[in-house]
Amino acid sequence: MVFARTFRKLEMPFFRNVVWSDECYIYVGDDNGRTYVTRKRGDFGREEYMVPRFQKSEVKLMIWSCIALGVKGPLIILRFPGGKGGGVNGRRFRRQVLSKMLPFIRQLQIERPGLMFQQDNAPSHKADLTKGWIARKGIRLFPHPAYSPDISPIEPIWRVLKRKINNRPRHPTSLAELEQAIREEWANIPQMVIDNYIRAMPKRLQALYKAKGGPIGK
């Protein structure tokens, strides 16, 4: 609520100077869309109107990217061993993401004075290594609420990406095929689609304020 009250009056010129970032898991066979069925009144619960659900594949990749008005950032496949102590920590995040992101940010800083970088409150983002690196590089952070309402415009872009991968004539069946599909479909997302979500930020913040920080829909 405090976040919405603070930023609800900002207009689009402000959001031109924000780079929005996020991570996302994509699974082999991931279908992020909803399935709808048509039934008659009183037929709720009948087996023929139900769609089976299956456990997600363990073949997955974690990706990171960022967006800004008029431009996509680099798409990065995160590599980490997994298991206890093998997740995305500050050291891996700095080496695999921040260092590769820096040229993109530097170019935008030249074009857009006052540029700010947004990320959520994932542990790797809040790590001292991460915060120290960002401060030393002179990158301004856009505030993010402690409990995110998920209104960042990159959130729906992940849904677009998953849908495009799922709609490919041949679904990926291995990590190598999944990575190729992710890179191809990320490149194929029209910038206009991304820009439309960014341009909607003023209205979404107003809606968030009216909902007192509650859900506002997609």
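Structure notes:
- Accessible-area ranking of LYS210, LYS72, LYS60, LYS126, largest first, probe 1.4 Å: LYS210, LYS126, LYS60, LYS72
- Gain in span if fully extended, ARG79 to ARG106, counting 0.36 nm per residue against the direct Cα distance: 7.3 nm
- Reciprocal mean inverse distance between Cα atoms of region 101-173 - Kirkwood radius, Å: 14.9 Å
- Counting only protein heavy atoms and using a 1.4 Å probe, the accessible area of ARG79 comes to about 120 Å².
- Violating pairs (Cα-Cα greater than 20 angstrom) within the set LYS126/LYS164; LYS162/LYS210; LYS60/LYS164; LYS126/LYS210; LYS60/LYS162; LYS126/LYS162: LYS126/LYS164; LYS162/LYS210; LYS126/LYS210; LYS126/LYS162
The values are calculated or read from the model by the stated rules, or taken from the named source; none is laboratory data. Note that this is a predicted model, so its numbers are computed, not measured. Please note that ligands, DNA and RNA were not included when accessible areas were found on the heavy atoms of the full protein model with its side chains. Shrake-Rupley method; radii C 1.70, N 1.55, O 1.52, S 1.80 Å.
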